[in-house]
Amino acid sequence: MELIIITVVLYMLSTAGYLAYLFFQKNYLHEAGCCLLAVGFCCHSAIIAYGFAKAGTFPVHNLHETLSLAGWALSGAFLAFQYQFNLRILGIYAAPLATVIMIVSSRLPKEPVLAKTVFNNFWLIFHVIVIFMGEAAFALACGVGFLYLIQESSIKSKNHGFFFRRLPSLELLDSTGYACIISGFALLTLGLISGFLYAKLIWGKLWTWDPKEVWSGITWMLYAALIHGRLALGWRGRKAAIVSVIGFTVLLFTFFGVNFLLKGHHGEFTKW
């Protein structure tokens, strides 16, 4: 419990650092926000490792653990993309989102976990990890999409005010968003393939028309259409940003709505 509090505090301090960087544009503020997030990510990794060691199974048994894993994946994905693209300003989106996810997760009941050997299957563990990392990449693409739309609005209105001076060029935002989508799509594809293999082992069929499978397929096709549109039809800029936001909205429904509103195989192995 203490480590969860420390992680939340580190994420909150990172959020404060990035927000201060947004206003004052001092490099040391960005570096402080990034370092605090990295330390928080390390603490978060320790939480997940401890949960795995304590239960003997992969920690995705309830909404508390699942949200925690989502926050961990988001922080890790952001740190990776930050290192690759040096898009500093994206921290004002990633750090607060990770903070909110962890606060919500920490407030949810931590139901006792019964040992289930099904969670020790390699394909399931691989499936869960790559799916969450892919969703984290799509979350970042959504954030970049929002920043693109804000910057584009500033440019079109010729109101070169607060955000225009602080946000990067449209070209950098567009290329970074595309990189996030390509990475997320590759990970989602691997996650779906491993999920099919796991389904074959458990239920004897690659595809069972489970609601989670169906909506995951819809999400995959939506992002596939976006990539095809960019490569074949020249979808860039505003259109790509809007589709990124829409795609992440569909992804959120797949993550939350399907579990709460629809019944399927995935609910048999978790309590949410």
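The values are calculated or read from the model by the stated rules, or taken from the named source; none is laboratory data. All values reported here derive from a predicted model rather than from experimental measurement. Please note: Cβ atoms are built from the backbone with ideal geometry, for glycine as well, and neighbour counts cover all protein chains shown.
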If I ask for residues that are over 13 Å from I131 (Cα atoms) and at pLDDT below 95, which ones from the stretch 181-202 would you list?
L197, Y198, A199, K200, L201, I202
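If you go through the stretch 107-124 one residue at a time, do you hit one that is modelled with pLDDT under 95, farther than 21 Å from V8 by Cα, in contact with a helix residue (DSSP H, G or I) (Cβ under 6 Å, 6 or more places away or on another chain) and assigned to a helix (DSSP H, G or I)? Step through it out loud before you land on a result.
Within the stretch 107-124, the subset modelled with pLDDT under 95 is 107-124.
With farther than 21 Å from V8 by Cα added as a condition, the list becomes 112-124.
Filter once more, so that each one left must be in contact with a helix residue (DSSP H, G or I) (Cβ under 6 Å, 6 or more places away or on another chain): 113, 123-124.
With the extra rule that they be assigned to a helix (DSSP H, G or I), the set shrinks to 123-124.
There is at least one residue in the stretch 107-124 that is modelled with pLDDT under 95, farther than 21 Å from V8 by Cα, in contact with a helix residue (DSSP H, G or I) (Cβ under 6 Å, 6 or more places away or on another chain) and assigned to a helix (DSSP H, G or I).
Say whether the condition of being outside any helix (DSSP H, G or I) and buried (at least 17 other Cβ atoms within 10 Å of the Cβ) is met by at least one residue in the stretch 163-180.
Of the stretch 163-180, the ones outside any helix (DSSP H, G or I) are 167-169.
From what's left, buried (at least 17 other Cβ atoms within 10 Å of the Cβ): 167-168.
Among the residues of the stretch 163-180, at least one is outside any helix (DSSP H, G or I) and buried (at least 17 other Cβ atoms within 10 Å of the Cβ), which makes the answer yes.
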Can you tell me which residues in the stretch 203-213 are part of a helix (DSSP H, G or I) and either modelled with pLDDT of 75 or more or touching an Asp or Glu at 6+ places or on another chain (Cβ under 6 Å) (or both)?
P211, K212, E213
Out of the residues in the stretch 8-48 meeting the condition of being under 20 Å from the mean Cα position of the chain (by Cα) and not hydrophobic (A, V, I, L, M, F, W, C), tell me which one is surrounded by the most Cβ atoms within 10 Å (Cβ to Cβ).
Y11
If we scan the stretch 147-159, do we find a residue that is at pLDDT 90 or above, under 18 Å from the mean Cα position of the chain (by Cα) and part of a helix (DSSP H, G or I)?
yes
